[in-house]
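Each remark here refers to the structure printed beneath this line.
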Amino acid sequence: MADIVVVEATDQLSHVAVKGRLDVAGVGEVELKLTIHTTARRKPAIVDLTEVNVLASIGIGMLVAIGKSMKAHHLGFAIVASGTTKDILEKVKVDTIFPVVATYEQARTIVLGG
């Protein structure tokens, strides 16, 4: 099971936290909501994965699709992750598509360009 929490949705940026498992079932539960709160808003976005306890390939694919869409719209996008989730994203080189950082503050600096 997975869920998202909208932490911040302002004219400046979107900040969404994902919790739970990003496996087949979890992605099915959050993909549309996550897209609505990131790409569809047309604002820079931060996605916090620090409370994700399973990150399967389908979850990585969802994040890459959102990240590429954000990039295509010239919008800042960053992932906040820690532990195994951060390790997985770095091992599969997702951090070459969009930043994967340890803190919200780092992500905010990146997506807002300064």
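Here are the numbers for the structure shown:
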{"item": "In Hz, Karplus ³J(HN,Hα) per residue of the stretch 27-33 (6.51, -1.76, 1.60; θ = phi - 60°; x = Gly, Pro)", "result": "4, x, 7, 10, 4, 5, 4"}
{"item": "Cβ charges +1 (Lys, Arg) and -1 (Asp, Glu), total dipole of the stretch 4-114, debye", "result": "280"}
{"item": "Long-range HN-HN contacts of residue 2 with modeled amide H, under 5 Å", "result": "21"}
{"item": "Two-decimal Rg/Rh across the chain, once Rg and the Kirkwood Rh are taken from alpha-carbon atoms", "result": "0.92"}
{"item": "For the stretch 59-70, Karplus couplings with θ = phi - 60° (6.51, -1.76, 1.60), whole Hz, Gly/Pro x", "result": "x, 4, x, 4, 5, 5, 4, 5, x, 5, 5, 4"}
{"item": "At R0 = 22 Å, FRET efficiency that the Cβ-Cβ distance of residue 33 and residue 53 yields, to 0.05", "result": "0.75"}
{"item": "Order by protection proxy (mean Cβ within 10 Å, highest first), peptides 11-22, 33-44", "result": "11-22, 33-44"}
{"item": "For residue 45, distant residues with modelled amide H under 5 Å away", "result": "14, 76, 77, 78"}
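Taken together, the values in this text are just the output of simple stated rules run on the coordinates, not laboratory data. From a predicted model like this one, the values you see are computed outputs, not experimental measurements. Glycine also receives a Cβ, built like all others from the backbone with ideal geometry; neighbour counts cover every protein chain displayed.
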